[in-house]
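Read through the structure below, which is laid out as structure tokens, and then see the notes.
The values are calculated or read from the model by the stated rules, or taken from the named source; none is laboratory data. Remember, it's a predicted structure, so these values are computed and weren't measured experimentally. Cβ sites come from the backbone with ideal geometry, for glycine too, and all protein chains shown count toward neighbours. Accessible surface areas use protein heavy atoms only, side chains included; no ligands, DNA or RNA. Shrake-Rupley method; radii C 1.70, N 1.55, O 1.52, S 1.80 Å.
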Amino acid sequence: MKQFSLRSLLSTALTLLIFNAFAQHNETVQSTVSTPEIHECINGNQLIKTMISAKQEFNKKFSSETVSLSELSAPQYILNRNKPTIITFDGLDYLVQNNCVLAIKGLNLPDNVLNQVTEKLSFLDQVQFDYNKKINTFYANGARNIQNVRNLDKWYLLTLRIFSTTVNDIAALTKKHDTSVLAANLIKMPTPNIDAIRSPDMAQSMVKLAK
């Protein structure tokens, strides 16, 4: 009987010891890994479509002289968010804040790869913002139906489409390769050069998939 009690006591003590060790481990993990509170979730593909549509609709109305300049769409950033935000492009959830891609859900990417993704997307984001700002300035200053405005409109819309192409290419790469190969191929992807684009065909394949 005493032997049974001793065994029972030792078993209980061992169980408590393992439980306490596990609990302490969980507390350590929770204290060292902090998950930012997500401020907003955005459908990035839909956002870009809306931006393109708004510009096209304004141009149609303006050509018929039935539109007010107050209907001009205000320049807006895609990535530049003050608080942690999830933006989804082609099925990938990008965690972004302050114009930086902090992570892509489900992909264990090192910082240098995330920096490369940030560089490519933030460049395009800044370019489209600047084009839209210049367009609005031209209209505000009374410049109408001139070639400069038309060119800016063209480059603004083209930049948004290249942004879409870029995130689509990134998504395609994630489906083809494991993390190690993916990281290498993301680094190889060229940084978009808007000024180098001279034809619609180039625009469609500006960002080439790494083989």
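If you go through the range 96-120 and keep only what is in contact with a Lys or Arg (Cβ under 7 Å, 6 or more places away or on another chain) and hydrophobic (A, V, I, L, M, F, W, C), you end up with just V96.
Checking each residue in the range 150-200 for being assigned to a helix (DSSP H, G or I), closer than 24 Å to D130 by Cα, modelled with pLDDT under 80 and of a type outside the set (G, A, S) picks out I194, D195, P200. Just one of (1) part of a loop (DSSP other than H, G, I, E, B); (2) open to solvent by 80 Å² or more (accessible area, probe 1.4 Å); (3) under 17 Å from L157 (Cα atoms) fails for K49. It is (1). Here S73 meets each of (1) at pLDDT 90 or above; (2) among the small types (G, A, S); (3) open to solvent by less than 50 Å² (accessible area, probe 1.4 Å); (4) over 15 Å from L124 (Cβ atoms) with one exception, condition (1). Tell me which residues, restricted to the range 105-149, are farther than 27 Å from M189 by Cβ and either outside any helix (DSSP H, G or I) or open to solvent by less than 20 Å² (accessible area, probe 1.4 Å) (or both). The answer is I135, Y139, N141, G142, A143, R144, N145, I146, V149. Scanning the range 88-104 for residues that are under 30 Å from V149 (Cβ atoms) and crowded, with 17+ Cβ neighbours inside 10 Å turns up just one, F89.
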